[in-house]
Structures are given as structure tokens and as C-alpha cells.
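**Q** Pasting a structure here, questions to come.
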Amino acid sequence: MEGGGNFSLVSFVKCFNGCKDQTQVSSFGTRIWNFSDKSIELQIRVGSILKKVHTLKPGSSKRLNSKKIYKVYMPSNYKGGEKSLLYYYNESCHPYIWINDTGCDFSRMVKQQYISLEDLRDCSEIRIFRDHQRGCISVRKKPRTELC
């Protein structure tokens, strides 16, 4: 009976520590896996502008951090104060990760081709699969278990 009590106390402490500072939880980043049979590109974009590319071979992964991407690519460091406010309110200027699938048949509808910074913040793992029935990629997200 004591073992069960210790387990629940440990679970409570882990939950409490996870809820103390939500920004701390997301600082570890998100692991993005390529479980498809072809290489894919993770393109960091701001609007339509390509900023950086990470190529993932089949079976490989890359850890991305939403805070770092936001700080590096969010155009708020512009010295004209009004322009930085325009970027803040214009959703099309927020950074995101576009999944470029070189083996996709573009005549078919794609389920999801981008990963938002919110996805990186809220998910501990994102898996990219090839959906052979649709002829395109499929994205599955695993929410963070550290959150209460």
C-alpha cells in the first residue's frame, strides 16, 4: 500500500513541476521523425520566404525548438516600431515549418503540409508518414505528457 502512495506522490510532484513554468516544458523542443520511404525537407518559412532547410532521410529525426525559431525568424527586431507591430498582428508573417515532400502527387489533396510553432510548443513528438492510399504524407502529433 505504501508503494502505491509513493507512486501517486511522485506523479503529483512531476505534474506540479511541469505546471510551474509552461515555458520550461517546451524548451526541450520537439522531435520530428520521418517515417516515410523518401527524404523530406523541413523548410522554415516566414510567409512565403524560405529561411532555412533541414533534410530528413527516411528513419531519421530532427529536434526543433519553437522559442528559438520564433526569436531568430520573427521579424520583430526591425527598428521601426510600427512595422514590428504590423508583423505581430499579421499572421502571414509568423514563422512556420513547411513539409516539402518530394514524392507527393500534387494532384491529390494533402492532409497537412505545415507545422506551426504552436504544434512545436504543444507536442513532444511529430511523426511524418507516407499515406499510400492518398499518395501524400500524413502527420501525427504526440501531445506533451508533462502538461497537467
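The values are calculated or read from the model by the stated rules, or taken from the named source; none is laboratory data. Please read these numbers as outputs of a predicted model, since none were measured by experiment. Positions of Cβ are generated from backbone atoms using ideal geometry, with glycine treated the same way; all protein chains shown enter the neighbour counts.
**Q** If you go through region 122-138, how many residues are touching a residue at least 12 places away in the same chain (Cβ under 8 Å), farther than 11 Å from W33 by Cβ and surrounded by fewer than 19 Cβ atoms within 10 Å (Cβ to Cβ)?
**A** 6
**Q** Looking only at region 102-135, filter to residues that are in contact with a Cys (Cβ under 9 Å, 6 or more places away or on another chain) and at pLDDT 80 or above; which one of those is farthest from K51 (Cα to Cα)?
**A** By that ranking, first place goes to R130.
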